[in-house]
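The values are calculated or read from the model by the stated rules, or taken from the named source; none is laboratory data. Computed from a prediction, not measured in an experiment: that's the story for all the values here. We place every Cβ from the backbone using ideal geometry, glycine too, and count neighbours over all the protein chains shown. Please note that ligands, DNA and RNA were not included when accessible areas were found on the heavy atoms of the full protein model with its side chains. Shrake-Rupley method; radii C 1.70, N 1.55, O 1.52, S 1.80 Å.
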Amino acid sequence: MSKAKAKGQAPVEQEKQVARIAGVNIPTNKRVIIALTYIHGIGAHKAKQIADKLGIDHTRRVQDLSDAEVLQIREAIDADHTVEGDLRRETAMNIKRLMDLACYRGLRHRKGLPVRGQRTHTNARTRKGKAKAIAGKKK
């Protein structure tokens, strides 16, 4: 028995189930455009395109969508966009292909160094990891 009934209050209206699109639980209290960006591979621009294509108002919230509209969104994403696992797999395969070719970009990926021409004398800590102390470097 719920706490609401035990205290003699009116039962609380049950919240709508979480919308699940492309294997991701979409937050129900956010606007549709913002909620769609929680899916890997869909940014603000693609989210707006999807909403415009389906005729969904940008100010509507996910909790206000009908099940049919959620189904339309799901089908539009499946048909037109590469998202989540497929996109991650494709990206990983592209990096692996570069590494197998042993081209410059592949070698940089292999060594864990910046790939796009950034300097490494200083900075580049994101790719290189935490700085290692070098013995005999004192003045």
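Of the residues Glu69, Glu75, which single one is more than 19 Å from the chain's Cα centre (by Cα), among the charged types (D, E, K, R), within 30 Å of Ala19 (Cβ to Cβ) and in a helix (DSSP H, G or I)? Explain how you work it out, then say what you get.
Values: Glu75 fails: more than 19 Å from the chain's Cα centre (by Cα).
Result: Glu69 is the single residue among Glu69, Glu75 that is more than 19 Å from the chain's Cα centre (by Cα), among the charged types (D, E, K, R), within 30 Å of Ala19 (Cβ to Cβ) and in a helix (DSSP H, G or I).
Scan segment 102-126 residue by residue and report those that are of a type in the set (A, V, I, L, M) and over 17 Å from Ala92 (Cβ atoms). Give the derivation first.
Restricting attention to segment 102-126, the residues satisfying the condition of being of a type in the set (A, V, I, L, M) are 102, 107, 113, 115, 124.
Within segment 102-126, Ala102, Leu107, Leu113, Ala124 qualify.
One residue is enough: does segment 126-135 have a residue meeting the conditions charged (D, E, K, R), farther than 30 Å from Ile21 by Cα and surrounded by 10 or more Cβ atoms within 10 Å (Cβ to Cβ)? Before you say what the answer is, go through the steps one by one.
Initial filter on segment 126-135 (charged (D, E, K, R)): 127-128, 130, 132.
Retained after the next criterion (residues that are farther than 30 Å from Ile21 by Cα): 127-128, 130, 132.
Checking which are surrounded by 10 or more Cβ atoms within 10 Å (Cβ to Cβ) leaves us with 127-128.
Yes, segment 126-135 contains a residue that is charged (D, E, K, R), farther than 30 Å from Ile21 by Cα and surrounded by 10 or more Cβ atoms within 10 Å (Cβ to Cβ).
Within the bounds of segment 61-68, is there any residue that is open to solvent by less than 40 Å² (accessible area, probe 1.4 Å) and more than 23 Å from Lys111 (Cβ to Cβ)? Explain how you work it out, then say what you get.
Going through segment 61-68, the residues open to solvent by less than 40 Å² (accessible area, probe 1.4 Å) turn out to be 62, 65.
From the residues that got through so far, the ones that are more than 23 Å from Lys111 (Cβ to Cβ) too are 62, 65.
Yes, segment 61-68 contains at least one residue that is open to solvent by less than 40 Å² (accessible area, probe 1.4 Å) and more than 23 Å from Lys111 (Cβ to Cβ).
Which one of these does Arg89 not meet: (1) within 15 Å of the chain's Cα centre (by Cα); (2) assigned to a helix (DSSP H, G or I); (3) surrounded by 12 or more Cβ atoms within 10 Å (Cβ to Cβ)?
Tallying (1) within 15 Å of the chain's Cα centre (by Cα); (2) assigned to a helix (DSSP H, G or I); (3) surrounded by 12 or more Cβ atoms within 10 Å (Cβ to Cβ), Arg89 fails exactly one: (3).
Would you mind finding the one in His58, His45 that is within 30 Å of Arg20 (Cα to Cα) and open to solvent by 90 Å² or more (accessible area, probe 1.4 Å)?
Working: His58 fails: open to solvent by 90 Å² or more (accessible area, probe 1.4 Å).
Sole residue among the options that is within 30 Å of Arg20 (Cα to Cα) and open to solvent by 90 Å² or more (accessible area, probe 1.4 Å): His45.
Of the conditions (1) in a helix (DSSP H, G or I); (2) open to solvent by 90 Å² or more (accessible area, probe 1.4 Å); (3) at pLDDT below 90, Gln14 fails just one. Which one is it?
(1)
How do the pairs read when you match residues in segment 116-134 that are within 19 Å of Arg105 (Cα to Cα) with residues anywhere that are surrounded by fewer than 10 Cβ atoms within 10 Å (Cβ to Cβ), using Cβ under 8 Å and keeping only pairs 6 or more apart or on different chains?
Close Cβ pairs (under 8 Å, with a partner that is surrounded by fewer than 10 Cβ atoms within 10 Å (Cβ to Cβ)) amount to Arg125/Ala131.
Could you look through segment 21-44, keep only residues that are small (Gly, Ala, Ser) and not in a helix (DSSP H, G or I), and pick out the one that is farthest from Asp80 (Cα to Cα)?
Filtering segment 21-44 for residues that are small (Gly, Ala, Ser) and not in a helix (DSSP H, G or I), the one farthest from Asp80 (Cα to Cα) comes out as Gly23.
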